[in-house]
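Notes follow once the structure below has been shown.
The values are calculated or read from the model by the stated rules, or taken from the named source; none is laboratory data. Quick caveat: nothing in here was measured; it's all calculated off a predicted structure. Glycine also receives a Cβ, built like all others from the backbone with ideal geometry; neighbour counts cover every protein chain displayed. Note: accessible area is taken over every heavy atom of the protein model, side chains too, but ligands, DNA and RNA are not part of it. Shrake-Rupley method; radii C 1.70, N 1.55, O 1.52, S 1.80 Å.
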Amino acid sequence: MAMTDPVGDLLTRIRNGQAARLDSVTVPASRLRSNVLDVLQREGYIRGWFEEELRPGVKELRVELKYDNGRPVIREIKRVSTPGRRVYSKIRELPRHFNGLGISILSTPRGVMSDAEARAANVGGEVICKVF
């Protein structure tokens, strides 16, 4: 069966993995998922991720989850833009989550980046998710 929201699936696997206190979770590989994981790693929400090849042409991503004193670093991870409702934001209208403690991940013409990086580059785009 075809998956209609691959990024939503990635976020749900991370959320479920942290609820079960797993060290890592695996997701099917895609370029958008890799870019989202790059942003999460740069911002310090996950320990890291790497790509594994199951067989020729089939890859998956292993995401190493991060904990602080036994508690998940990611308290909330929520999809904003869905396949049925795309949410776009100008850079001036981009909201700050949890008074600047959380981040938004955006897909911009310059690539996938956090809201702070988008403000520095002065570009807006599609709001993929918000993380706290």
>> I'd like the residue in segment 4-34 that is part of a strand (DSSP E or B) and farther than 21 Å from Pro56 by Cβ and, out of all such residues, is least open to solvent (accessible area, probe 1.4 Å).
In response: Val25
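Yes/no matrix, rows are residues, columns are (1) free of Cβ contacts under 8 Å to residues at least 60 places away in the same chain; (2) within 20 Å of Arg15 (Cβ to Cβ); (3) touching a strand residue (DSSP E or B) at 6+ places or on another chain (Cβ under 9 Å):
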| position | (1), (2), (3) |
| --- | --- |
| Ser30 | yes, yes, yes |
| Arg55 | yes, no, no |
| Leu61 | yes, yes, yes |
| Arg71 | yes, yes, no |
| Ile74 | no, yes, yes |
| Ser81 | yes, yes, yes |
| Leu94 | yes, no, yes |
| Met113 | no, no, yes |
> Arg96 fails exactly one of the following numbered conditions: (1) under 12 Å from the mean Cα position of the chain (by Cα); (2) basic (Lys, Arg); (3) at pLDDT below 95. What is the number of that condition?
Replying inline: (1)
> If you take the residues of segment 100-116 that are buried (at least 19 other Cβ atoms within 10 Å of the Cβ) and hydroxyl-bearing (Ser, Thr, Tyr), which of them is farthest from the chain's Cα centre (by Cα)?
Replying inline: Ser107
> How many residues, within segment 45-59, are open to solvent by less than 80 Å² (accessible area, probe 1.4 Å) and within 28 Å of Gly102 (Cβ to Cβ)?
Replying inline: 4
>> Name the residue that is most open to solvent (accessible area, probe 1.4 Å), counting only residues in segment 83-92 that are in contact with a strand residue (DSSP E or B) (Cβ under 8 Å, 6 or more places away or on another chain) and not polar (S, T, N, Q).
In response: Tyr88
> Restricting attention to segment 60-71, which residues are open to solvent by 50 Å² or more (accessible area, probe 1.4 Å) and part of a strand (DSSP E or B)?
Replying inline: Arg62, Glu64, Tyr67, Asp68, Arg71
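With Arg62, Arg119 as the choices, which residue is more than 17 Å from the chain's Cα centre (by Cα) and modelled with pLDDT of 95 or more?
Values: Arg62 fails: more than 17 Å from the chain's Cα centre (by Cα).
Matching residue, one of Arg62, Arg119: Arg119.
Return yes when Leu37 is within 13 Å of Val131 (Cα to Cα), touching a Lys or Arg at 6+ places or on another chain (Cβ under 8 Å) and assigned to a helix (DSSP H, G or I) and no when it is not.
No.
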